[in-house]
Amino acid sequence: MSEHEDIGPLRNQVHAVWNSVAAGWAAQVDDIEERGSGVAGLMLDGLALSPGDRVLELACGTGAAGIAAARQVGPDGMVTMSDVAPDMVEVAVNRTRQLGVTNVATAVLDIEQIEMPDGTFDAVLCREGLMFAVDPGRALTEIHRVLKPGGRMAVSVWAARDRNPWLGLMLDAVATELGIEVPPPGVPGPFSLADKSALTGLVDGAGFLDVTLTDVDNPYVAEDFEQWWGHITAISGPVVAIVKNLAPEVRESLRGRLRDSVVEYQNADGIELPGVELLVVARRR
Ligand SMILES: C[S@@+](CC[C@H](N)C(=O)[O-])C[C@H]1O[C@@H](n2cnc3c(N)ncnc32)[C@H](O)[C@@H]1O
């Protein structure tokens, strides 16, 4: 067995969970792209891409950030869009076909073990994915390795749970309703890299220079409770299977609890649930 195959049960579990929600991501692709366009734009600003650049997108999901990068690097450039979940890569492939984006390649890659030669890419981007690495320091070292000298990285992760009610409310409600921690202790989750000094420490430790960290507001705006419920129960890796398997009365109780918790975020147009990401931009020495 190669080193790559021997990834251990925890990594297998995390990767399988994400593969299982790929269909939900495909169904929510418009919502995901619209909401994520602001942070994707800031990531691209940080990368300062040039026509002809070679770019790697890690943990691409539907590939929205990579597709935006592909438009910037033009026909002489190339973006490799990758994810550890093969079904998610398939969603990204379909999306590029649908949008007629041709200067892209796709690959199944684990951010913790990027099967690419040293010094391959001018830039690496990863939106909302690094925190699911079991060992994010190892992932950052891998990103550093595959960058060309002077190459740039832009990575975003979710800030602390209390700054992200758009997702934290659901995780809290599931935990209260079922009496379990979501995600379970020891399993990397959406808020695993919310500690800013720990995060910059990992980035520094991987050898990056010129490290900047910026808070980026990214609220979830919905017409109503049902839109938000439909979104979260389709895309949230830690939540989808739990909610799907609930007994009808437990599910209704959870929905009631959540309806109460979003009241404070209602406005004339629907609901706006706050969300904040941490955007890290850095350069390989
Ligand atoms: C919250 S989604 C973000 C998707 C996309 N980057 C976006 O911003 O829309 C997290 C993604 O990370 C991927 N992922 C989780 N663990 C990973 C790993 N070890 N290596 C690569 N991708 C991973 C999942 O499959 C999923 O597509």
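The values are calculated or read from the model by the stated rules, or taken from the named source; none is laboratory data. Computed from a predicted structure; not experimentally measured. Using ideal geometry, Cβ is built from the backbone for each residue, glycine included, and neighbour counts are taken over all protein chains shown.
Observations on the structure shown:
- Counting residues in the stretch 98-118 that are part of a helix (DSSP H, G or I) and more than 10 Å from the ligand (Cβ to nearest atom) gives one or more.
- Contact annotation: residue pairs with Cβ atoms under 6 Å, 6 or more positions apart or on different chains, pairing a residue in the stretch 116-129 that is on the phi > 0 side of the Ramachandran plot with a partner that is surrounded by fewer than 21 Cβ atoms within 10 Å (Cβ to Cβ) and not in a loop (DSSP other than H, G, I, E, B), are GLY119/LYS148.
- Qualifying residue in the stretch 57-79 (condition: within 14 Å of the ligand (Cβ to nearest atom), out of contact with any strand residue (DSSP E or B) (no Cβ under 7 Å at 6 or more places or on another chain), closer than 13 Å to CYS126 by Cα and assigned to a loop (DSSP other than H, G, I, E, B)): yes
- Beta carbons closer than 6 Å, at least 6 apart along the sequence or on distinct chains, pair a first residue in the stretch 9-26 that is within 21 Å of GLN227 (Cα to Cα) and touching a residue at least 40 places away in the same chain (Cβ under 8 Å) with a second that is among the β-branched types (Val, Ile, Thr) and more than 10 Å from the ligand (Cβ to nearest atom) for VAL21/VAL240.
- Residues located in the stretch 117-175, provided they are over 18 Å from the mean Cα position of the chain (by Cα), of a type in the set (Ser, Thr, Tyr) and under 28 Å from PRO238 (Cα atoms): THR141
- Complete set of residues in the stretch 119-152 that are assigned to a strand (DSSP E or B) and within 14 Å of the ligand (Cβ to nearest atom): VAL124, LEU125, CYS126, ARG127
- Condition check for LEU42: among the hydrophobic types (A, V, I, L, M, F, W, C) and part of a strand (DSSP E or B): no
- Some residue of the stretch 195-209 being surrounded by fewer than 18 Cβ atoms within 10 Å (Cβ to Cβ) and of a type in the set (Ser, Thr, Tyr): yes
- Qualifying residue in the stretch 13-24 (condition: more than 9 Å from the ligand (Cβ to nearest atom), modelled with pLDDT under 95 and either outside any helix (DSSP H, G or I) or among the polar types (S, T, N, Q) (or both)): yes
- Residues satisfying the stated conditions in the stretch 198-227, i.e. over 30 Å from GLY46 (Cα atoms) and of a type in the set (Phe, Trp, Tyr): PHE225
- Condition met for ARG95 (surrounded by 15 or more Cβ atoms within 10 Å (Cβ to Cβ), at pLDDT 95 or above and away from the ligand (no atom under 15 Å from the Cβ)): no
- Residue tally, condition without any contact (Cβ under 8 Å) to a residue 24 or more places away in the chain and within 19 Å of PRO274 (Cα to Cα), over the stretch 196-229: 1
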